[in-house]
Structures are given as structure tokens and as C-alpha cells.
1. Of all residues in the range 239-251, count the ones that are of a type outside the set (Ser, Thr, Tyr), in contact with a strand residue (DSSP E or B) (Cβ under 9 Å, 6 or more places away or on another chain) and open to solvent by 10 Å² or more (accessible area, probe 1.4 Å).
2. Suppose we filter Ala90, Ala97, Ala73 for residues that are closer than 20 Å to Thr141 by Cα, crowded, with 23+ Cβ neighbours inside 10 Å and more than 18 Å from the chain's Cα centre (by Cα); which single one remains?
3. Right, Tyr208: surrounded by fewer than 16 Cβ atoms within 10 Å (Cβ to Cβ) and either in contact (Cβ under 8 Å) with a residue 40 or more places away in the chain or closer than 23 Å to Pro282 by Cβ (or both) or not?
4. Could you list, in sequence order, the residues of the range 231-252 that are under 21 Å from the mean Cα position of the chain (by Cα) and closer than 20 Å to Ile157 by Cβ?
5. Quick one: Val152 ticks every box in (1) at pLDDT below 95; (2) open to solvent by less than 40 Å² (accessible area, probe 1.4 Å); (3) under 18 Å from the mean Cα position of the chain (by Cα) bar one, so which box is it?
6. How many residues does the range 155-193 contain that are closer than 30 Å to Thr94 by Cα and exposed (fewer than 15 other Cβ atoms within 10 Å of the Cβ)?
7. Could you look through the range 17-48, keep only residues that are of a type in the set (D, E, K, R) and out of contact with any Leu (no Cβ under 9 Å at 6 or more places or on another chain), and pick out the one that is least open to solvent (accessible area, probe 1.4 Å)?
Amino acid sequence: MTRLLITGGSSYLGQHLVPLGRQQLGARDALLYTYFSHDPLQGPGGGQLDLRDEKATRTLVDDFSPSVIIHTAGSNRPAATMESVIRRGAEHVTAAAIRHGARLIHLSTDVIFDGRHAPYREEDTPQPLHVYGRAKAAAETIVSRHQRTAIVRTSLIYGLHKMDRGTEWVVRALQAGEPVTLFGDQMRNPILVDSLCRACLELVSHAYTGILHIAGADRISRADFMLRLLAWWRITPGPGLVVGPSDPDRWPLDTTLDITRATALLRTPLPGVREILPSETPIS
């Protein structure tokens, strides 16, 4: 019997992962998800939790006694809060996984790299440039203390049925008449949220431990990527949208992940953006 705990059920990834997890688990299995302040899923099996609270985390996990934990919870709040949520959350979740002997699947990111030596393999050393990247790199070190951990590094996450939060921000800014610069020099390999969810759920019953790069097959600029998403959502860019350079001292330019290991290991397909979103909207 699988008892699956998913942290961060209110996140964009979590809102897709929880329903799919329920669908894929058998009738004898159980699923519990956590959320911080509000529950967009409004379904059974949700529990409010601040992962920075060690006692509350211990109580919730001990009461549920999971056999597998998928740790997706994070934060994009101001730097001090974000770092605290990511680091302390990783500490408390790892301690719980060790206490219960649970398999831990931890979601990490491509921006733990400095963007100067892509494509990055699982063995490459993190060299983060900003607070978020440093916090996620530290979290990787923390969760690695547990022998039954798989660390999933991924890239930009998007979907075709619910707009991702990055696209939402761009659309709101354009609708408000605010200027938006899309970075033409930042290269990533975005992943469809359905693919990432299925890959994570495949790892639930997989024996693999260690780091695994799970991202889309295409290396693509953030500008090209966003234009394709705007075309999908039928949003006209308008004059406020321009393509420009980013600051390489603040943001990594190319964090493309080598997904060779994941494609050999998993049954889940990892299609690229160009296969899923074949057209883009030109900037007039």
C-alpha cells in the first residue's frame, strides 16, 4: 500500500500533481497534500501546513505516516522568507522521511547553475548566482542525507489548460499597459506540467536514487518560449513587449539540462516546446 504525501499542493505543479496522483494510485492507497494559506484544490486529503514549523510538520507527517513524500513546496516571497521556507522546509521534510523510512522525491531547479557551462549533467557542481538558486542548492545537500532520495532538477513549467504563473504575470502587465522585456539570451528547456507530474509519479515506485534531470527536450530562449505561450493563449503581444538582454551577473544565461539519463530511465515522454507549441506570435 502506498501512502503518498505531496507538499506544496497549492503550487502550479501541485495543482496538477495531486489530481493525477489520486487518479493513478490504487483504491487501497492514500494521498495527503499540504498547502500554506489557501487550498485551490478544495478537495479531500488537504492539510494546511507551514513547513518552517518543525512541530507542526512532525505532527502532520507522523499522523499520516507516508511511504513516499514528493516535496514540491517552495516560495518566491522576499529573499529571507524564501530562503527560510526552502531550507527549513527541506530539513523538516527530510527528517520526517528518515523517521518513517519513506522514499523522498525532491523537486529542485536548473537555476542552481551559473549558466556558463551548459548543457548540465547530473554530476555537474551547482554554482548558483542568486538567493533562490543558493537556497535550492542548499536544499539538495540537506535532502541528500536521506539514502532513499531522488532529486529531480527541472526547468520552466507550463501547461495547456491552466496558465502558469510566469505567463499570468506577463499577461497582466501587458493588459495594464506596462512594458515587458522578454529575455532573448536566456536559454532553458521548459517542461509540460503533465510530463513532469507523470515522471514524478513514475519515480514513486522506481528504485532510482540520486539526482535526475527531468525537463523538456528543446533548448529554447525565454523570449521564444513566452511568444509561443502567448500564441497558445491567443494573447496579442502589443507595443509594450520587447525582446532584450538580461544581466548575466544576476541571472544564469544558459541552464539547459542534459536529460539523457531521464529519457533512458523513464517511460514518461519528455517532449520539447517546439513539438507541443509549434508556432509563436511575432512582435509587431
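1. Pass one, the range 239-251, residues of a type outside the set (Ser, Thr, Tyr): 239-245, 247-251.
From what is left, the residues that are in contact with a strand residue (DSSP E or B) (Cβ under 9 Å, 6 or more places away or on another chain) are 240-245, 251.
Now narrow it down to the ones that are open to solvent by 10 Å² or more (accessible area, probe 1.4 Å): 240, 242-245, 251.
The qualifying residues number 6.
2. That would be Ala97, the only listed residue that is closer than 20 Å to Thr141 by Cα, crowded, with 23+ Cβ neighbours inside 10 Å and more than 18 Å from the chain's Cα centre (by Cα).
3. In short, yes.
4. Going through the range 231-252, the residues under 21 Å from the mean Cα position of the chain (by Cα) turn out to be 250-252.
Matches in the range 231-252: Trp251, Pro252.
5. All conditions are met except number (1).
6. 1
7. Just the residues of the range 17-48 that are of a type in the set (D, E, K, R), to begin with: 22, 28-29, 39.
Checking which are out of contact with any Leu (no Cβ under 9 Å at 6 or more places or on another chain) leaves us with 28, 39.
On the way: Arg28: 165, Asp39: 21 Å².
Once the filter is applied, the top-ranked residue is Asp39.
Let's see how each residue does on (1) more than 22 Å from Leu156 (Cα to Cα); (2) aliphatic (A, V, I, L, M); (3) in contact (Cβ under 8 Å) with a residue 60 or more places away in the chain:
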| site | (1), (2), (3) |
| --- | --- |
| Leu4 | yes, yes, yes |
| Leu17 | no, yes, yes |
| Asp29 | yes, no, no |
| Tyr33 | yes, no, no |
| Arg52 | yes, no, no |
| Arg58 | yes, no, no |
| Asp63 | yes, no, no |
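The values are calculated or read from the model by the stated rules, or taken from the named source; none is laboratory data. Quick caveat, the model's predicted, so the values are computed rather than measured. Here the Cβ is made from the backbone with ideal geometry for all residues, glycine too, and neighbour counts use every protein chain on show. Protein only, heavy atoms only, side chains kept; ligands, DNA and RNA dropped before computing areas. Shrake-Rupley method; radii C 1.70, N 1.55, O 1.52, S 1.80 Å.
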